[in-house]
Structure formats: C-alpha cells, structure tokens
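Below is one structure, written out as structure tokens; the observations come after it.
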Amino acid sequence: MNRSPPLAHLVLGALIAINLGGAACVWGASEISAQPVSSTRLWAPLSLRAAPLPKATTKPLASYAQILARPVFRRTRKPWSPQRSAPAKTSAEPVGKQLDVDISIDGLTMFGRIKRVLVTSKSAPDGVWLSQGAVVEGWTISSIDASGATLKSASGSLRLSLYPTLSGARRRALDTLAPPAHE
C-alpha cells in the first residue's frame, strides 16, 4: 500500500485554502461591481507634462570675437593674420661656411626605426612631416636624431636643432625659474 507523507497533505491543504480565498475575492468583487458607481472620481492619473522650458537666448556672433580670433588647432594660438611672417630660424648652425637658409624644424617624432621631422619653409609655411632622405628646398635630410636633423646639399651641410641653444643671459634667466633640487 502506498501512503502519502503527512507533509504532502499539509501542502495540498494550503493550496486548497489559497484557491478558495481567491475565489471568494473574485465573487466579492462581482458583488461590488453590481452597485452603482458614484459620479465623483476618487483617483486621477498624474499629469506627465513637463514644465515649459525658458526661451533660449543667443548672443550675436560678434560677442565671441576674442574667442574666435584665436584658432584652437594652431600651435601658437595667435590670432590669424592673412600674411604670414617668415618662419623663425631655430638655431640653424651651419657646418663650415655661413649659409642663407629659410628652413626650420618645429617638431620631431621617433617611433622605433621611424623618424620624422616637422619642417617649415617658404614652400610649406604651415609645416610638413618628412622622413630621412626627403628633399626640402634643395636640401636632403641626411639624419634625424632626438635633438634635430642634419641637412645636406651641394653647397654644404646644415644642422637644425629642435630646441635652440640659449645664450648665457637667457640660460641664467631660465635657471632662476627652475624649481629647487630635492634634498
């Protein structure tokens, strides 16, 4: 003979009680719905309308003249001028005789064996990135190192430094601005 455990009887009884309670709620709700509904509303949904935004005020473009005068993507952030002055020569140190060259180095990048310099000249006043062996205004870039580049042509050799060498007075002025050494 197969006897069911007493716990099963308890669970089955609880389920019957829940079902009877649910049936009583449904039967009671049908009794309430048979009564007439009053004309006053006891509940109303919330209004989800947002408050109106204040009217946006815009300034005339002329009020931003100081900001717009300084280009964001220029190295110097100096105001734009239609005529460009000649690029400053950054310590062009000729090897041998004095040479008249209007070429300067404004940037340098080295990644593994790839070395490039940002060269400005009359033909490229905004600068152009060049590698070793490239030619700019008749000069060939013969070598690039961490401090600058060496250019060669038929008239001689020229060393262009990324950071100009400072004279004694300028170096002393910068040394006074340097932070003190940690003790």
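FYI, it's all coordinate maths here, none of it is from the lab. Model, not experiment: these values are computed from the prediction. Note that we place each Cβ from the backbone using ideal geometry, even for glycine, and neighbour counts take in every protein chain shown.
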**Fill in**
In this structure, the FRET efficiency calculated for TRP43 and ILE16 from their beta-carbon separation, with R0 = 25 Å, to the nearest 0.05, is 0.10
**Distance between modelled label sites at LEU7 and ASP126, nm, 7 Å Cα→Cβ extension** = 8.2 nm
